[in-house]
Amino acid sequence: MVIYEPKKIEEKWGKEYQESGIFTAKINKDKKKFFLTVPVPYPDGYLHLGQLYTWTRADIYARFMRMRGYNVLFPQSFHFTGGPVATISLRIRNGEKALIDRFVNQGVPPEQVKKFGENPLNLTLYFTDAIKRDFIDTGMSIDWSRSFMLSYTKSYSKFVQWQFRKLREKGLITQGTHPVIWCPNENTPLGDHDRLVGEGEYPIQFDIIKFPLDGYFLPAATLRPETIFGVTNIWLNPNIEYREIILDSGERWIVSAEFESKLKFQLKNVKSSKTFDTNSLLHKKVRNPITGEEIPILAADFVDKNIATGVVMSVPMHAPFDFVYLKRIEKEYPNIKPKKIIDVQGTEDLMKEALDKFGEKDLDSATRFVYNKELNFGVMNQNCADFSGMSVKDARKKMEEKLESMGLLDRFYEPSGEVICRCGARGVVKVLENQWFIDYSNKEWKDRTLNHVMSMKIYPEEAKPQLVDAIVNMEEKAAVRKGGLGTPLPWDQDWLIEPLSDSTIYMSFYTIAHLIQKIDEEKINDELFDYVFLDGPAPSGIDESILKEMKQEFDYWYPVDLRITGRELIPNHVAFYIFTHVAIFPQNKWPRSLGINGWITVNKQKLSKSKGGLTIRSELEKYGADELRLVAYSANGIDDADWDTSNINSFDERINFLMSVIELLNGIKGERKVFDEYLLSKINSIVDEVTENFENMRYRSAIFGAFFESTDLLKFYLEIGGNSNETIKRTIETIIRLVHPVFPFITEELDKRLGGKQLLEEYESWPVSDPSLKNEAIENEMDVLKNTIEDIKNLLNLLKVKPNQIIIRIADKGRFEAYNSLVSEVEKSRDLSELQKKFGRYDFLLGFLKNPKRLPDRRLDHDLEHRVFSESRDYLMRLFNSDIKVEISDDKKAIPGKPGIKIA
RNA sequence: GCAGAGGUAGCGAAGUGGUCCAACGCGUAAGGCUUAGGACCUUAUGGCUUAGCGCCCUCGUGGGUUCAAAUCCCACCCUCUGCACCA
């Protein structure tokens, strides 16, 4: 008895593969090249099984293409650019226990974790090695000779600078101001994962309407300037500190102290300021600059000091907070009446509706409800002077223009919700000045990119609309940041190129990464890159042979034939990747195809790098690499999928089965029967299906056919009495080859045991289907056999008897002729009454003629049907523990494709 | 709000005009194997009915096209994902 022991086998073949060097890609002009890449991982921790999924999908394709005779380049690098490692390092330095424990529990030595805290680079370098080891141990057929670190590798930084100069020359870099969420304590932008609270919050713009009053302005902040027609009063909060400030423009504003402190982040300078006693203002009146009405200034404690100016204009009919608050004090101010200025079709009283729905306890939801309804369906009513009849959307724009022209409008950004930095500080919005952007909104560039995307092959095609959508909606993208690791912007060294912008065309660097190391750093310049990538003149001072070699490498390997990535990157990285190729390279170097996959859960458990757990490393201790690679079976394409690890049992069981058969193969020496033709025909179809499924990255279907369906067929063949040595050997050889891309180690082992001489990827070992093996007639008749076995089982269950003899009555030749001519007629017409007229006289065909669904469409062969049953007689006797008699009969139940059954 | 994807048996998931009551897997139940458990094997898993036939109900809801629909068309309901300076 042979037993599958993955570890031993994988160690042996892992070594064999490394020594063979076949993953190290070399130019070979006799072969078609195939270049595929996977995004660079960010080495801030161990990779988890979800990430293994993406790389396994890539590796399967790489191996598949090698077996089909392609010269494959599958390199891998690492991304060092960016901020998160710095945060992690800092958290370790601060002694954050949970984080330290996580690393230690994952097997990082404690001294090493301590080093992570000393320098972020210690962390990145450590995990770069760790991830590389994981990839090797899981059998990724990666060419490591071309590996580098973005943008830590110096020559690569020079490449990125070249790229940015090119973009700038083409007018695709712009400069401008831009609001970001900012930590005032650490003086850096607050990315989502730098936040303790407020992931997903973004800057929103408030309009500030300046109400003039006695030489001051009362700047009321609002998202809805058009509601100024309905203002009944101004709210100030008596419990917060207000200050009188003088701006550079000379204007005096009354604002909350908090607002004053935030102004400096938004390009406004406060010349002087002093505390201001709001009590002096309360009950004074201020003039509404649009309607001319006199409105009072009242106290309200719901005014939030953290939002904008701390001055609010009250529009009770259209803002639930104002409405509810006004109601509380209506006795004191009987003259203040809510004023309706927006009509929404289909509702008389939207405010009442909102308050009924959400109650006074949830005024935030009520506010959202009213705002949305009015924005989308509202029309300004007769109280709005020349704005009457305008939609709310239009009115908002018009009102902003009007106020602006009157000099009464200003703007201010606030976060859309509370944001707290990991350091504990409250996030604010900072308007960054002179920020550099890549102008993905450039019309001509966008059109060219879209055109190219339309011609790209995308697996699965469903992902294409998402990508197109992302590109259409792409705007200017901030390309630089302050702080963190990265390449300095060549013409403005204060800025570092941010990670999504320095990783758009790095795939081209793979073609030269192993050669550029040989060149002195100082000699690497733009001319070099122009020469290699854009056919520019050769630069001087560099060894000509290396130059030539680099250029040959690029010309041979580029473009990327297939890029494999998770679908979360579609709206950013993938889009930038295509955009930038279109901008920089000639058309024949643009990306050819994309393979997109979804997220994966393992036994329903969500995976996340930051939470640790289920790392590739930890699972490799439990399972073999081939077993882990079964993860590719989880889904076909872009769908999110669950990897059910219990599949591993079924995998092992089948491997054991194949090993046993191989072991016993020499002793099997039977004759060919009808089953041989059946098995070969089926396997032959599987070869075609599997090839097509692999080609289109439908791995679930591919593995199902190549492994599960095919081994089931082989089992069935053996059970039913097939015992031709040649057929079995041929079938197993085919199965091994079909699943080799997925399970490389065990299949090499099995192939050797079957007498294979070379590594499966060293020659064109992919099975090719042979149309002459396709035998539909036999497949049809084998289906008849299977159906008949089912029928007999049903019958025996029903009768509850142990049979002595079962007689199978095959219809005679004449009946098959009648049946087949019915099939021919059906192909011409499915008109039931016509067919009944023609064939009604054959009582054995009546069952087919009752309803259109039952009309037969497969031709059947009398001799073959007889042969199938005769040759499976032994099997049937074993199965039913009964004598079996097969006879040709004119019994009325002996129907072609449905033999009569007589239990005796 | 804007955009994208999707609703199939207890669950996951195939199937895109005809052997579809719907592959495959999980779960559940019964039996076998085992000292026992696990693993493994067999069988069952909408209803009625019958010597294997057949009939009815089912693929988010409602309607339509067709000899024939989970599959095509229309309307409606519901769910999930992304929205940027962040890898």
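Since every read-out is calculated from the coordinates, none of them should be taken as a lab result. The shown structure was predicted, so the numbers you read here are calculated from the model rather than taken from an experiment. Positions of Cβ are generated from backbone atoms using ideal geometry, with glycine treated the same way; all protein chains shown enter the neighbour counts.
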Q) Efficiency by 1/(1 + (r/R0)^6): what FRET value for A:Leu879 and A:Lys850, r their Cβ-Cβ distance, R0 = 22 Å, to the nearest 0.05? A) 0.10
Q) Are any of the pairs A:Lys397/A:Lys482; A:Lys828/A:Lys902; A:Lys802/A:Lys898 more than 27 Å apart by Cα-Cα distance, and if so, which? A) A:Lys397/A:Lys482; A:Lys828/A:Lys902
Q: Please identify every one of the trypsin sites (Lys or Arg not before Pro) in region A:791-844 that sits in a loop by DSSP and has no more than 16 other beta carbons within 10 Å of its own beta carbon.
A: A:Lys800, A:Arg830, A:Arg841
Q | Translational diffusion coefficient (Stokes-Einstein; Kirkwood radius from C-alpha pairs) of region A:855-904 at 20 °C, 1.002 mPa s, in µm²/s | A | 177
Q | Low-density loop positions, trypsin sites (Lys or Arg not before Pro), region A:661-731 - DSSP coil, at most 12 other Cβ in 10 Å | A | A:Lys669
**Q.** region A:347-352 - phi-based ³J(HN,Hα) in whole Hz, Karplus 6.51/-1.76/1.60, Gly and Pro as x
**A.** 10, 7, 10, 5, 4, 5
Q. Taking the alpha carbon gyration tensor of region A:29-161, what are the square roots of 5 times its eigenvalues, largest first, to the nearest whole Å?
A. 32, 18, 10
Q.
With angles folded into 0 to 90 degrees, how steeply does helix A:363-377 sit against the dominant principal axis of chain A? Use alpha carbons for both and round to 10.
A. 80
Q: Mind computing the radius of gyration and Dmax over the alpha-carbon atoms of region A:194-248? Å is fine for both.
A: 15.2, 45
Q) Hey, got a sec? Which GluC sites (Glu not before Pro) in region A:198-257 land in a DSSP loop and have at most 13 other Cβ atoms within 10 Å? A) A:Glu199
Q: Rounded, prolate or oblate: pick one for region A:419-471, where a ≥ b ≥ c are the square roots of the eigenvalues of its C-alpha gyration tensor, a/c under 1.5 means rounded, and failing that, prolate if a/b is larger than b/c, else oblate.
A: oblate
Q: Of all alpha-carbon pairs in region A:44-111, indicate the percentage at a distance above 15 angstrom.
A: 69
Q.
Rounded to the nearest angstrom and ordered from largest down, what semi-axes does the equivalent ellipsoid of region A:248-312 get from its C-alpha gyration tensor (root of 5λ)?
A. 23, 15, 12
Q: Average the reciprocal distances over every distinct pair of alpha-carbons in region A:828-888, invert the result, and give the Kirkwood radius in Å.
A: 14.2
Q | Between 0 and 90°, nearest 10: helix A:710-719 axis offset from chain A longest Cα axis | A | 30
Q.
Could you tell me the calculated FRET efficiency between A:Leu196 and A:Ser280, based on Cβ-Cβ distance and R0 = 41 angstrom, to the nearest 0.05?
A. 0.55
Q | Volume per residue of the C-alpha convex hull in region A:752-891, rounded to whole Å³ | A | 193
Q: Could you compute the FRET efficiency for A:Asn306 and A:Lys757, with r as their C-beta to C-beta distance and R0 at 60 Å, rounded to 0.05?
A: 0.20
Q) For labels at A:Leu799 and A:Glu444 in the simple 7 Å Cα→Cβ model, what's the distance in nm? A) 8.5
(Q) What distance in nm lies between label points placed 7 Å from Cα along the C-beta direction at A:Thr24 and A:Glu776? (A) 5.2
**Q.** Pair A:Lys398, A:Ser660: separation of 7 Å Cα→Cβ label points (nm)
**A.** 8.3
Q | Cβ-defined net charge surrounding A:Leu267, 11 Å radius [Lys, Arg +1; Asp, Glu -1] | A | +2
**Q.** Volume in Å³ per residue [convex hull over Cα atoms, computed for region A:281-418]
**A.** 137
**Q.** Hydrodynamic radius of region A:207-293 per Kirkwood, over alpha carbon pairs, in Å
**A.** 13.7
**Q.** Out-of-range pairs (alpha-carbon distance over 23 Å; input A:Lys12/A:Lys682; A:Lys398/A:Lys443; A:Lys373/A:Lys393; A:Lys115/A:Lys158)
**A.** A:Lys12/A:Lys682; A:Lys398/A:Lys443; A:Lys115/A:Lys158
Q: Would you calculate a helix-derived [θ] at 222 nm for chain A, using -39,500 (n - 2.57) for each DSSP H run of n ≥ 4 and dividing by the full residue count, to the nearest 500?
A: -12500 deg cm²/dmol
Q | Value of Rg/Rh across region A:157-270 [Cα atoms, Kirkwood radius] | A | 1.10
Q: Do me a favour and compute the ellipsoid semi-axes for region A:618-708 from its Cα gyration tensor, root of five times each eigenvalue, largest one first, whole Å.
A: 29, 20, 8
(Q) In chain A, if the dipole is taken from +1 on Lys/Arg beta carbons and -1 on Asp/Glu beta carbons about the Cα centre, which of A:His318, A:Pro84, A:Val197 is farthest to the positive end? (A) A:His318
Q: Specify the angular offset, from 0 to 90 degrees and rounded to the nearest 10, of the alpha carbon long axis of helix A:776-799 from the longest principal axis of the alpha carbons in chain A.
A: 90
**Q.** Rg(Cα) / (2.2 N^0.38 Å) computed for chain A, rounded to two decimals
**A.** 1.27
Q | Amide hydrogen neighbours beyond the local backbone of A:Ala300, cut-off 5 Å, H modeled | A | A:Leu236, A:Asn237
(Q) I'm a student and want to see the number: the projected area of the Cα convex hull of region A:374-525, averaged over all directions, in nm². (A) 17.1
Q) Ratio of Rg to Rh for region A:738-793, alpha carbon only, Kirkwood? A) 1.23
Q.
If you wrap a convex hull around the alpha carbons of region A:5-64, what volume per residue comes out, as a whole number of Å³?
A. 140
